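Working notes for the structure below.
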Amino acid sequence: MGGAGAVLPAPKMAAVAMRLPVIRKAVGPSGRRSGEKHLVVPGDTITTDTGYMRGHGTYVDEEKLVASVAGAVERVNKLVCVTPLKTRYNGEVGDIVVGRITEVQQKRWKVETNSRLDSVLLLSSMNLPGGELRRRSAEDELAMRDYLQEGDLISAEVQSVFSDGAVSLHTRSLKYGKLGQGVLVQVSPSLVKRQKTHFHDLPCGASVILGNNGFIWIYPTPEQKDEEAGGFTTNLEPVPLSDREVISRLRNCIVALVTQKLMLFDTSILYCYEASLPHQIKDILKPEVMEEIVLETRQKLLDLEG
């Protein structure tokens with residue numbers, strides 16, 4: 001057996017991904033829309049009017065107000081400031097943030113929130129398990145690691161900002177607290193749109209917390225809100241495959257929107273999710289697919305604005 005007539009198996013060819021040129025659909029009017037920002041780079045003259053007050057990111061040179069950072073010009077009455085497009089998170093009172101515990105200290109936790117300095121969560125600024133209201137005792141201080149330990153993710157609200165820019169957080173509401181199972185996506189804080197609420201239960205079956213600090217948490221929508229535990233018990237039941245696929249798709253959609261520099265809010269994420277449905281989850285991150293679904297999302301948002 002064998003001899004001269006034996007046929008060797010053909011070598012297997014590696015799969016090659018090929019891209020073909022496609023005709024791009026024209027996006028709506030590209031003229032300057034009312035919602036668009038006035039962008040400047042360092043050295044640009046913002047205004048020559050002397051009636052304006054100088055804010056962050058600007059300086060006065062020969063009676064002209066000039067930008068010192070690259071970003072969007074914002075005017076509040078007579079105050080002009082430039083908000084940088086690429087920056088660390090600058091906390092403001094009332095912001096919703098997602099953070100990671102980095103250190104347990106005396107009566108406080110240090111939290112990484114994507115800002116220049118670590119944020120602080122005081123033991124007195126959080127609900128005790130069960131939501132009971134009382135003064136914090138030495139026993140509570142000893143049990144701090146049972147509540148939150150290094151590496152835990154939390155959602156919180158900015159309570160105050162110190163003079164050096166460090167942020168003090170609080171979790172004195174049942175919607176804040178320790179986060180359970182989900183996926184964290186880190187984006188630039190300038191791409192998260194400020195809204196009345198940053199907690200969204202999306203109709204596709206998952207929920208997102210859009211932290212003002214650029215940390216976005218995607219998790220399966222809980223079936224019933226757990227009011228008793230005060231945000232400390234985490235559900236560690238295995239997440240069904242269907243929910244994991246929805247979360248993975250949402251995560252890739254957010255990465256696509258960020259790559260194409262589109263603002264993140266509930267509507268843009270939902271439109272992008274719908275536009276991505278014809279594609280496989282892993283294909284969303286291919287550059288041409290990314291461009292196509294974000295183009296469709298942008299067009300839908302323009303149609304919505306009317």
- Query: Equivalent-ellipsoid semi-axes (√(5λ), Cα gyration tensor) for the chain, whole Å, largest first?
  - Reply: 39, 34, 18
- Message: Can you compute 3J(HN,Hα) from phi for each residue in the stretch 41-53, using the Karplus curve 6.51 cos²θ - 1.76 cosθ + 1.60 with θ = phi - 60°, rounded to whole Hz and x for Gly and Pro?
- Response: 10, x, x, 5, 7, 7, 7, 9, 6, 7, x, 8, 8
- Item | Lys286/Met53 FRET efficiency (R0 45 Å; Cβ-Cβ; nearest 0.05) | 0.40
- Distant-in-sequence amide H partners of Arg108 (H built 1.01 Å from N, under 5 Å): Leu123
- If each part is reduced to its alpha-carbon centroid, the stretch 244-291 and the stretch 69-113 end up apart, in Å, by 26
- Task: Before rounding to the nearest 500, sum -39500 (n - 2.57) across all DSSP H runs of length at least 4 in the chain and divide by the residue total; then give [θ] at 222 nm in deg cm²/dmol.
- Result: -6000 deg cm²/dmol
- Note on the structure: The ³J(HN,Hα) series, computed from each phi in the stretch 206-214 with the Karplus coefficients 6.51, -1.76 and 1.60 at θ = phi - 60°, rounded to the nearest Hz and given as x for glycine or proline, is 10, 10, 10, 10, 8, x, 4, 8, x
- Once whole DSSP H runs in the chain are found, which of them have Cα atoms spread over 24 Å or more along the helix axis and a mean Kyte-Doolittle score of at least 0.0? 241-259
- For the chain, dividing by residue count, accessible area per residue (probe 1.4 Å) in Å² works out to 60
- Task: Would you work out what percent of the accessible area of the stretch 95-305, with all protein chains in place, is carbon or sulfur (probe 1.4 Å)?
- Result: 49
- Item | HN-Hα J in Hz across the stretch 68-73 - Karplus 6.51, -1.76, 1.60, θ = phi - 60°, x for Gly and Pro | 9, 9, 8, x, 9, 7
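The values are calculated or read from the model by the stated rules, or taken from the named source; none is laboratory data. Owing to the predicted nature of the structure, the values given are computational and were not obtained by experimental measurement. Glycine also receives a Cβ, built like all others from the backbone with ideal geometry; neighbour counts cover every protein chain displayed. Accessible surface is based on the protein model in full, side chains and every heavy atom, while ligands, DNA and RNA are left aside. Shrake-Rupley method; radii C 1.70, N 1.55, O 1.52, S 1.80 Å.
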